[in-house]
1. Under a Cβ-Cβ cut-off of 14 Å, what is the net charge of the residues other than TYR277 that fall near it, where Lys and Arg count +1 and Asp and Glu count -1?
2. List, in the order given, every pair from LYS115/LYS224; LYS74/LYS115; LYS171/LYS445 whose Cα-Cα distance in the structure shown is over 31 Å.
3. Based only on Cα atoms, what Rg/Rh ratio does segment 498-558 have, Rh being taken as Kirkwood's radius?
4. How big is the dipole moment of segment 446-544 about its Cα centre under a simple scheme where the beta carbon of each Lys and Arg is +1, that of each Asp and Glu is -1, and everything else is neutral? Debye, nearest 20, please.
5. Give the separation of the Cα centroids, segment 106-128 to segment 387-401, in Å.
6. Quick check: pseudo-label points 7 Å beyond the Cα along Cα→Cβ at HIS60 and ARG550, how many nm apart are they?
7. Hey, which lysines would be in cross-link range of LYS504, C-alpha to C-alpha under 20 Å, not counting anything within fewer than 8 residues on its own chain?
8. Please give the peptides 574-580, 266-272 ranked by average Cβ packing (other Cβ atoms within 10 Å per residue), highest first, as a rough proxy for protection.
Amino acid sequence: MKCDHPRLSRRISLGSAACTCLASTAVLILFALTPLYVPLLLSGQTQRSPVLPHLTDITHSSGIQFNHVAIPQKYITEEISGGVLLIDYDRDGWLDIYFTNSPTLEMALAGRKVKSALYHNNHDGTFTDVTERAGVGFPCAWPMGGAVGDYNNDGWPDMYITCLGRNTLYKNNGDGTFTDVTDQAGVADSRWSTGAAFGDYDGDGWVDLFVAHYVDYHWSDLAKLPSFLLCPLKGVMIPCGPQGLPGAGDSLYHNNRDGTFTNVSKQSGVSDPEGRYGLGVVWSDFSNSGRPDLYVANDSTPNFLYRNDGNGHFTEIGFESGTAVSGEGAAQGSMGVAIADYLRNGRFSIVVTNLMDEPDTLYRNEGNSHFTDVSFPAGLGRDTLPYVGWGTVFVDLDNDGWPDLFLVNGHISPNVDNIGFGAGYLQPPLLFLNQRNGTFRNISKEAGSAIQTPLLSRGAAFGDLDNDGNVDIVIENLDGPPMVLRNDGGNQNNWITLELAGIKSNRLALGARVEVVTGNLTQVDEVRSGGSYLSQNDLRVHFGLGKADRVDRVEIHWPSGSTETIKGLAVNRFYGIKEGAGIVPFDEIRPHKAEAPAGPSRSAPGSRLSIDSQILNRQH
Ligand SMILES: [Ca+2]
Ligand SMILES: [Ca+2]
Ligand SMILES: [Ca+2]
Ligand SMILES: [Ca+2]
């Protein structure tokens, strides 16, 4: 049996799996040597006592030497940056990583910039800093985070970086370099931007762009910020939150299909005239209407759920849907957002991360645009109360077919360490395993020592960095290095991962709804831009399959409105799926060098990238 993933065709026998794809011999060896793996096998684990996910910190061995500079000191601007983007910018089938970086206020006022970084995945567990060549080190003076989308439908994923001040749209030139096309595109948006997400809300095959904004500060206001704006918290002083400060509205940009966008915020109904403090943003079809709706997590103010009316207009149904505030009616300090069909009933539910003394909230989708806050009965409420939550992802870390929940945390002031309760300044991530009955089990202390490390986390994103079928996680922290977590698997569960390409639909198939049927289990997911906290997850759609040894059916509802069904897929493989053509070799859906638009920065033939592409193409 031939593995379909590039460069990988290694037959090994893992339980009932007939074929599995591994990134390299090195990965195979690492997998076998994973400390917990052998004891777990020896302990005679059965299906009734599943092997828990084990996450290993591989930041050091990965060669990633990035350091985020901003430190929460005195100013609200220093507390909330730090989004991370997973983007396969060279379309070689291996996820690369972009870390945003931001300075302290003093550095910014002195005109000192700090460098964001793009790391290329070397396919062997290591990464190389390619920031200089790519030209993406300094998107702006104060980067926050961003999102990935292909705004010009050339197959090369582009990056939109949000900032305090002018944002940046980086067009991917397809040759390892990016060009700042912000001004031509008309998406500079000089307000304090936070979460962003691409989505084709009008279904014309071109992705549009939503951008949330926080406090109504502008770059020019920085020098005017008071030196201390502190508020009391349980007897200590910490930087004040946004309450009382003027908020900024939000922006929706319609893609004009010619490299430019038109600001349609007002006529579409998503401009947020009240100026709530927007942070995390995600598009998702919550109502199963075939059109993407929009969810915005607002700090200290009610969240927005915008229902897509299908005529270019949205109706804000936060309160009537039950997703604006907690079940007790409180507006919470909302930061990040994760989406999943965690009940496997075909509906997308929402998790929102919140401040200390507030639970991270799980809004269960009941259908008919109605949600219920089930944070406590689902087992998330009590254990998330002590933490200040930021990035969050739903991801099936044990490949049992049920999405698990990962959350990263960290306070906004070191002064909280003087308080005798709560989780302190540095706070560890949390991992909740889906119990397949609507509840989650906190396994944060059972999934390896790495995620017991207290961190000052903000962004988080999931993606299969080493293409071994176990989805990995990247965390971005303030004031120091990120954490790259390798999911060591060990559960012998099966999986498939799908890389979609729209033809009539937008090229990266953002908004495509994918159903995977194995036996009596139907799993549903979407291709989503943005999400988590100012971060970007893997655009490939991954499904754990448990012990199922084949996929009965994959059904894809493309954003164009067409539906495609593929039957009888072998497991433990990556598949390329092209709209209207079913499963195709990857070189039919990934762009070719010749497709890259001409430009002054294109590399000469014979460059490393060109050679890699030729090798890749020969293997299909
Ligand atoms: Ca890559
Ligand atoms: Ca569109
Ligand atoms: Ca799971
Ligand atoms: Ca992996």
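Here, each number is a calculation from the coordinates, and none is a lab measurement. Every value quoted in this text rests on a predicted model; they were computed, and no experiment measured them. All Cβ positions, even for glycine, are placed from backbone atoms using ideal geometry, and neighbour counts span all protein chains on display.
1. With Lys, Arg at +1 and Asp, Glu at -1, the net is -4.
2. LYS171/LYS445, as the Cα separations exceed 31 Å there.
3. Computed over Cα atoms, the ratio is 1.01.
4. Dipole about the Cα centre, nearest 20: 420 debye.
5. So the separation of the two Cα centres works out to 25 Å.
6. The modelled label-to-label distance comes out at 4.7 nm.
7. Straight-distance partners of LYS504: LYS578.
8. My ranking of the peptides, most packed first, is 574-580, 266-272.
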